[in-house]
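Have a look at the structure below, then the notes.
The values are calculated or read from the model by the stated rules, or taken from the named source; none is laboratory data. No experiment lies behind these values; they were computed from the predicted model shown. All Cβ positions, glycine included, derive from the backbone under ideal geometry; neighbour counts span all protein chains shown. Quick note on the areas: whole protein, heavy atoms, side chains included, nothing else; ligands and nucleic acids left out. Shrake-Rupley method; radii C 1.70, N 1.55, O 1.52, S 1.80 Å.
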Amino acid sequence: MQKTQQVERAGVSWVEHLVTNDLGWLFREQETADVGIDAQLEVVDGATAEATGRLLGVQIKSGDSYFKVSNEAGWWFVCDADHVSYWLGHSLPVVVMLYEPQTKRVYWQHISDHTVVSTGKGVKIHVPRSQELAAVSAENLKPLARSQADVPGIADWLTAVVEEPHRQLEFYELLLSARLFAMFPGCGIKNREWGPPLSVTVYMPHPHLASRIPVFIEVALVTSTLQAEQFMAEIGDGPRWVPSVIVVVCPTRSDVLVLATSGFPDVFVTAWSPDGSNDTNLKNTMVEALGRAASGG
């Protein structure tokens, strides 16, 4: 065996050891070659010791090279977009686990639209130091696991249709606020009293100032590209003190939208689907707007 193969096998074996002994869960290695899934984890009820049928897919990466791109909070796992697309489209939630041979420690991160960051040429996923695989990880990993029976229920709820049009918009606004808070846990969100299309104000501590002065973004929720164009025309000539993000709702990713291009450096436009399929676009646009707000325009 080559050295790299030995390290890979050591990583899989050590993850199996931790999952079986520390978490008390079932570990099933994928014996046949699978594109990006090394094993399945099944949650075991700690009180009854019964298997629950709730599963996670796991991609295990072993070696010192995965720990080179680091900061105080953790490491950036860099990968190609095709693999991430496969993981995001998998029937099971997928977790990446990084094995550090020298310390025999394993760190994990859930692969989702909230954790995937585009680099232009590929993508990267931040794996926190705080998420070391150990017995306490069971409480954080358990909510991610799901059975096949969960999927239709969640999808139906996220794409629910409300009969009254204005109540449908209220539903989207609440769902959007929840999604933004999940993407940026340190943020605050306030509903706008001025009414649509300005829906919410998102604010969070300034990333570069010790005083933690907040930066603000206005978010407008619209339901068509025509409304987006009308809103841009409306605010185009007026003074703007903070960046604006226009979010165009499209029910699913399959709904192709030709988005209007903003002619203003502090106005951003993105498509968003309540089912979560376009969360990456939403997150990347918000990050860009936050950078604009933090730079002072």
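For the reader, a short list of remarks on this structure follows.
- Rounded to whole Hz, the Karplus (6.51, -1.76, 1.60) HN-Hα couplings of segment 44-60, x for glycine and proline: 10, 5, x, 7, 9, 6, 9, 5, 9, x, 8, 10, 10, x, 10, 10, 10
- Flagged links, alpha-carbon separation over 31 Å, of LYS61/LYS121; LYS3/LYS283; LYS142/LYS283; LYS61/LYS142; LYS121/LYS190; LYS61/LYS190: LYS3/LYS283; LYS121/LYS190; LYS61/LYS190
- Spin-label model distance (nm) - ASP80 vs LEU174, 7 Å beyond Cα toward Cβ: 4.4 nm
- Whole-percent carbon and sulfur share, accessible surface of segment 58-135, 1.4 Å: 47 percent
- Rh by Kirkwood over Cα pairs, then Stokes-Einstein D for segment 21-87 at 0.692 mPa s and 37 °C, µm²/s: 229 µm²/s
- Amide H contacts of ILE246 (H built 1.01 Å from N, in plane; Pro and chain starts excluded): ALA220, PHE268, VAL269, THR270 sit under 5 Å, all sequence-distant by 5 or more or on other chains.
- The phi torsions of segment 181-187, fed into the Karplus equation with coefficients 6.51, -1.76 and 1.60 and a -60° offset, translate into couplings of 5, 5, 6, 10, x, x, 8 Hz, rounded to whole numbers, with Gly and Pro shown as x.
- Summing charges over neighbours of PRO101, with a neighbour being any other residue whose Cβ is under 14 Å away from its Cβ, gives +3 when K and R count +1 and D and E count -1.
- Taking the Cα atoms of segment 90-139, the ratio Rg/Rh between the radius of gyration and the Kirkwood radius comes to 1.01.
- Average accessible surface for segment 1-73: 58 Å² per residue, computed with a 1.4 Å probe over protein heavy atoms with every protein chain in place.
- Each residue was assigned an accessible area with a 1.4 Å probe, and for LEU26 the value is about 70 Å².
- Förster radius 45 Å - calculated FRET efficiency between GLU288 and ARG28 (Cβ-Cβ, nearest 0.05): 0.65
- With all protein chains in place and ligands, DNA and RNA left out, the 1.4 Å accessible area ranks MET97, MET204 as MET204, MET97, largest first.
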